[in-house]
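Asks: A single structure is presented below for examination.
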Amino acid sequence: MQNTDNIDRQTWMSLMAKAPDGRMSTLLAAQKIAPKFDWLRPPEVGSVMVRGRAGATGAPFNLGEMTITRCSLKLESGTVGHGYVQGRNKADAQAAALTDALMQTDQAEAIRNQVLTPLGDEIKSTKDTRARKAAATKVEFFTMARGED
Amino acid sequence: MYVAVKGGERAIENAHAWLAEERRGDVAIAELSVEQIKSQLTIAVNRVMAEGSLYDPDLAALAMKQSRGDLIEAIFLIRAYRTTLPRFGNTRPIETSEMECERRISATYKDLPGGQVLGPTFDYTHRLLDFKLAAEGAPTSAPERKASGDLVPHVAEFLNQEGLIEEAPRDDTTPPDLTREPLELPAERALRLQALARADEGFTLGMAYSTQRGYGRTHAFVGELRIGQVAVEMDIPELGFAIEVGEITVTECETVNQFKGSKSEPPQFTRGYGLVFGQSERKSISMSLVDRALRWEELGEDNVGAPAQDAEFVLYHGDNIQATGFLEHIKLPHYVDFQSELELVRKMRREAGADQMPEAAE
C-alpha cells in the first residue's frame, strides 16, 4: 500500500475510534448494505496502557489503562478490514472494521460521503462548541486607571 | 490464622438481598440511571477512573451505582474488572502539548500565549449552597466566543528559553509497570508517577499539604494547570502504522519550585509533575507536589525526614484498594486468632499475679 494511502487509512481509522458510543454502527446500518465477510478476529474487549511523559516531555510512565474493542474481518473479495474503537461496543468495532474494508473497495467514495464525512463533521462540531465555550472563559486583563494621573 | 468455618450462607444471601433493596432506595422515587451518573456526577466518575486506573466513564458510573456512591468500593470494582481484560498493548505517550484545552491557567505568568482560560471551574464561586438546584430548572447554556484553534504551548517552555528551569529531556525508555511487576524500592520516577496517578486523592492531598506546611518544604507555584482532551495513539502491528485508538480527558499540572542549586546544577527552578485521568484538578496539583518532594535525592537535597520525602511511606500507603483491603479484613472473622490472644493475655496475667490483685473497681 502506498504511503499516502496509509495516511488516509490512518485518518479514517483514528476518526472511527473516537466516534461516540453507538454512532459507527448507526451510521453504517443506515447505508443498508450488509456485505458478507468472515471474521479473522471476532470483536474482543480489552485494554491498552496509556502512557504519559514526566514533565510532559521527559521519560514515559504508565498513566493507566483505557478500554478498547477491536476486530478484524475479510470481505468476500478478500479485502481485510480492521476495527479499533474506544470503549466496549462490539457492534461499533464491527462497523469500523467493515467501513475500513469497504474504504479499500470501489464503494469507498459512497462510504466516505455517507459515513466518514458526517461522523467527522459531528465530532468537529462538538469540539468546536466546547472550544468556543472555553474561549468565552478566557480572562481579559485590564489595568485600572490610577487616580493621581 | 485462618480456619475454614461453615455456616452463615443464608445470612449472607439475605444481607445481599437487603443491600440491593437499600441500594434502590425508595421505589416511589425514580431510579438513578448510569447515564445520569455519567453525565451529571462527572467529577466523581473521573475520580473512579483515575484511581481505578481504567478510563471508561460508563464502567465508572456503573460501579458508582453498584457501590451506592461509595467511591472506594467503586474503585475496587473497577480494579477487579480491569484484571479480567486482555491487554492489547501500550500506547505512545500522550502529547499534552497538543491538548484541546478547556481550562488552562498559570499562577506564575499573567500574560502568556494562549491566555488564562478558566473553563468550567468551581474557583471564584461563593461556595454558597444553591437552592435553585434543589428544584428542577431549565437547562442553562454557556456563552460562546470565537476560538483561535491554535495549540497552547506549555508554560515551562518559556522558562526554558532563559535556561531558568530544569529541562525534561525526551527519553524513550520503557517504563516499569506496577500492574505487571510488584512495586519495589528504590522506585524510579516513572514508577512513582504511575503509583501517584492512581493513588487515593485524599492521601495525596494530605501528603502534598504536609510539604506546604513545612514537612520537607517545597514552596511550589502552579506553573501551569491544564484540562482538556488528548488523542491516544498506538502502534498497530497488523497495520504497520499508528492510529488514534481514542481520546481522553486529562488534567495536567506542572509546579515550579525554587532550587538553590547543587554541585552539578546552577540555581534554577525545578519541576513537579501531575497527570491524572479526567477533570481531577486537586489530585493533579497534589501529585505534582508529592512528585517534587520525592525527587530530593536526585536533586541533591537534604532528606529532612519528612513523610512526603519517604518513597516507601508514600508509595506503599497511597493505594486506597490495598489500604482498604488490609484495613477492612480485620472485621472478618478472626475467632481463632483472638482465642489464642485471649489465652496469652490470661497466661500473662497469671504470671504477673494479676489474678491475686484486688480489682480496682471493688
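The values are calculated or read from the model by the stated rules, or taken from the named source; none is laboratory data. It should be emphasised that the depicted structure is a prediction, and the values quoted were computed from it without experimental measurement. Reconstructed Cβ throughout: ideal geometry from the backbone, glycine too, with neighbour counts over all protein chains shown. The protein model used for the area step is the full one, side chains on, heavy atoms only, and it has no ligands, DNA or RNA in it. Shrake-Rupley method; radii C 1.70, N 1.55, O 1.52, S 1.80 Å.
Asks: If you roll a 1.4 angstrom probe over the protein chains with everything in place, what fraction of the accessible area of segment A:1-108 belongs to carbon and sulfur, to the nearest %?
Replies: 48
Asks: Let me ask something else. Return the FRET efficiency for the residue pair B:Leu342, B:Gln36: r is the Cβ-Cβ distance, R0 is 45 Å, and the value is rounded to the nearest 0.05. Can you show the working numbers first?
Replies: Numbers: r = 51 Å, r/R0 = 1.12.
E between B:Leu342 and B:Gln36, to the nearest 0.05, is 0.35.
Asks: Work out which residues of segment B:85-114 lose at minimum 20 square angstrom of accessible surface when the other protein chains are put back, relative to the chain isolated, with a 1.4 angstrom probe, and list them by number.
Replies: Flagged in segment B:85-114: B:Leu85, B:Pro86, B:Arg87, B:Phe88, B:Asn90, B:Thr91, B:Pro93, B:Ile94, B:Glu100, B:Glu102, B:Lys110.
Asks: Also, I was wondering about something else. What is the set of long-range amide H partners of B:Phe241 at a cut-off below 5 Å, with H atoms built 1.01 Å from backbone N?
Replies: B:Ile236
Asks: What is the distance in Å between the Cα centroid of segment B:26-101 and that of segment B:217-278?
Replies: Centre-to-centre distance over Cα atoms comes out at 22 Å.
Asks: In what sequence, highest mean first, do B:128-136, B:345-353, A:69-77, B:211-219 appear when ranked by Cβ atoms within 10 angstrom?
Replies: In descending order of packing, they fall as A:69-77, B:211-219, B:345-353, B:128-136.
Asks: Right, something else. Could you order the peptides B:86-97, B:221-232, B:261-272 from most to least packed, using the average number of other C-beta atoms within 10 Å per residue?
Replies: Answer by packing, highest mean first, reads B:221-232, B:86-97, B:261-272.
Asks: Looking at this model, which pairs from A:Lys18/A:Lys124; A:Lys124/B:Lys283; A:Lys18/A:Lys90; B:Lys65/B:Lys283; B:Lys110/B:Lys260; B:Lys146/B:Lys283 are more than 19 angstrom apart at the alpha-carbon?
Replies: Correct reply: A:Lys124/B:Lys283; B:Lys65/B:Lys283; B:Lys110/B:Lys260; B:Lys146/B:Lys283.
Asks: Next up: On a 0 to 90° scale, report how tilted helix B:201-213 is relative to the longest principal axis of chain B, with both axes built from alpha carbons and the result rounded to the nearest 10.
Replies: It is inclined by approximately 70 degrees.
Asks: Using the heavy atoms of the protein chains alone and a 1.4 angstrom probe, what is the accessible area of segment B:60-206 per residue in square angstrom?
Replies: 61
Asks: Taking θ as phi - 60°, what are the ³J(HN,Hα) couplings along segment A:21-33 by the Karplus curve (6.51, -1.76, 1.60), each to the nearest whole Hz, with x for Gly and Pro?
Replies: 3, x, 6, 4, 5, 5, 5, 6, 4, 5, 6, 6, 10
Asks: Sorted by accessible area (1.4 Å probe), largest first, how do B:Arg79, A:Arg132, A:Arg41, B:Arg145 line up?
Replies: B:Arg145, A:Arg132, A:Arg41, B:Arg79
Asks: What shape does the protein assembly as shown have by the C-alpha gyration tensor, where a ≥ b ≥ c are the square roots of the eigenvalues, rounded means a/c under 1.5, and otherwise prolate means a/b greater than b/c and oblate the rest?
Replies: Verdict is oblate for the protein assembly as shown.
Asks: Mind listing the long-range amide H neighbours of A:Lys138? Cut-off is under 5 Å, sequence gap 5 or more, other chains count too, H placed in the peptide plane at 1.01 Å from N.
Replies: Close amide H contacts, sequence-distant or interchain: B:Leu118.
Asks: Turning to a different aspect of this structure: If contacts are Cα pairs under 8 angstrom and at least 6 residues apart, what is the relative contact order of chain B in percent?
Replies: The normalised contact order for chain B reaches 17 percent.
Asks: Okay, next question. Tabulate in residue order the Karplus-calculated ³J(HN,Hα) for segment A:117-128, using 6.51 cos²θ - 1.76 cosθ + 1.60 with θ = phi - 60°, rounded to whole Hz; enter x for Gly and Pro.
Replies: Calculated HN-Hα couplings, in order: 4, x, 5, x, 5, 4, 5, 5, 4, 4, 5, 4 Hz.
Asks: Further question on the same structure: In peptide A:84-92, what is the residue-averaged number of other protein chain Cβ atoms found within 10 Å of each Cβ? All intermediate terms of the calculation are to be shown ahead of the outcome.
Replies: Values: counts 8, 2, 8, 6, 4, 1, 0, 0, 0.
Taking all residues of A:84-92 together, the mean is 3.
Asks: All other residues with a Cβ under 9 Å from the Cβ of A:Arg70 taken together, and with Lys, Arg as +1 and Asp, Glu as -1, what is their net charge?
Replies: Neighbourhood net charge equals 0.
Asks: Need the full-extension length gain, B:Leu164 to B:Leu185, defined as separation in residues times 0.36 nm minus the C-alpha distance. One decimal, nm. Could the numbers behind the result be given before it?
Replies: Values: separation 21, 0.36 × 21 = 7.56 nm, distance 3.16 nm.
That pair, B:Leu164 and B:Leu185, stretches by 4.4 nm at full extension.
Asks: How much accessible area is lost when chains A and B come together, counting both sides, with a 1.4 Å probe, in Å² rounded to the nearest 100?
Replies: 5800
Asks: Another question, if that's okay. In a Gaussian network model over chain A where Cα atoms closer than 10 Å are linked, find which of A:Ala135, A:Ala30, A:Ala17 has the largest mean-square fluctuation.
Replies: Among A:Ala135, A:Ala30, A:Ala17, the largest mean-square fluctuation in the Gaussian network model of chain A belongs to A:Ala135.
Asks: With the dipole of segment B:46-160 worked out from charges on the C-beta (+1 for Lys and Arg, -1 for Asp and Glu) around the Cα centre, which of B:Tyr81, B:Val48, B:Pro153 lies farthest toward the positive end?
Replies: Value computed over the given set: B:Tyr81.
Asks: Could you work out the mean count of beta carbons from other protein chains within 10 Å of each residue's beta carbon in B:243-256?
Replies: Values: counts 11, 10, 13, 13, 7, 5, 0, 4, 0, 2, 0, 2, 0, 0.
Mean partner shielding for this stretch: 5.
Asks: I would also like to ask the following. Just report the Cα centroid separation between segment A:33-106 and segment B:127-183, whole Å.
Replies: Between the Cα centre of segment A:33-106 and that of segment B:127-183, the gap is 27 Å.
Asks: Can you pull the mean other chain C-beta count within 10 Å for peptide B:341-351? Provide the component values of the computation, followed by the final result.
Replies: Details: counts 0, 0, 0, 0, 0, 0, 0, 0, 0, 0, 0.
Per residue, the number of nearby Cβ atoms from other chains is 0 on average.
Asks: Measure nothing but the geometry: give the 0 to 90° angle between the long axis through the Cα atoms of B:335-351 and the longest principal axis through the Cα atoms of chain B, rounded to 10°.
Replies: Long axis of B:335-351 versus the principal axis of chain B: about 60 degrees.
Asks: Oh, and also: Could you tell me how many degrees, from 0 to 90 and to the nearest 10, lie between the Cα long axis of helix B:57-66 and the main elongation axis, the longest principal axis, of the Cα atoms of chain B?
Replies: Once rounded, the angle reads 20 degrees.
Asks: Could you give the accessible area per residue of chain A, probe 1.4 Å, as a whole number in Å²?
Replies: 49
Asks: Let me ask something else about it. Using the Karplus curve 6.51 cos²θ - 1.76 cosθ + 1.60 with θ = phi - 60°, what ³J(HN,Hα) values do you get for each residue of segment B:161-172, in whole Hz, with x for Gly and Pro?
Replies: Once rounded to whole Hz, the list reads 4, 8, x, 8, 10, 4, 8, 10, x, 4, 7, 10.
Asks: Follow-up question, since we're still on this one. If you build a Gaussian network model of chain B, linking Cα atoms that sit under 10 Å apart, which residue out of B:Ile165, B:Ile243, B:Ile321 swings the most?
Replies: Comparing B:Ile165, B:Ile243, B:Ile321 in a Gaussian network model of chain B, the most mobile one is B:Ile243.
Asks: Less than 14 Å Cβ to Cβ from B:Ser262, Lys/Arg counted +1 and Asp/Glu -1: what total charge do the surrounding residues give?
Replies: In short, -3.
Asks: Within a Cβ distance under 11 Å of A:Phe61, other residues only, what is the Lys/Arg minus Asp/Glu net charge?
Replies: 0
Asks: Treating the beta-carbon of each Lys and Arg as +1 and of each Asp and Glu as -1, no other charges, what is the dipole magnitude of segment B:246-358 about its Cα centre, to the nearest 20 debye? Write down the numbers at each step before the final one.
Replies: Working: 12 positive and 19 negative charges, 66 e Å.
For segment B:246-358, the charge dipole is close to 320 debye.
Asks: For segment B:133-214, which whole-number percentage of the solvent-accessible area (1.4 Å probe, protein heavy atoms only) is attributable to carbon and sulfur atoms?
Replies: 51
Asks: Let me ask something else. Would you grab the residues whose amide H sits under 5 Å from the one on B:Arg92? Only those 5+ places off in sequence or on another chain, please, with H modelled 1.01 Å from N.
Replies: B:Glu233, B:Met234, B:Asp235
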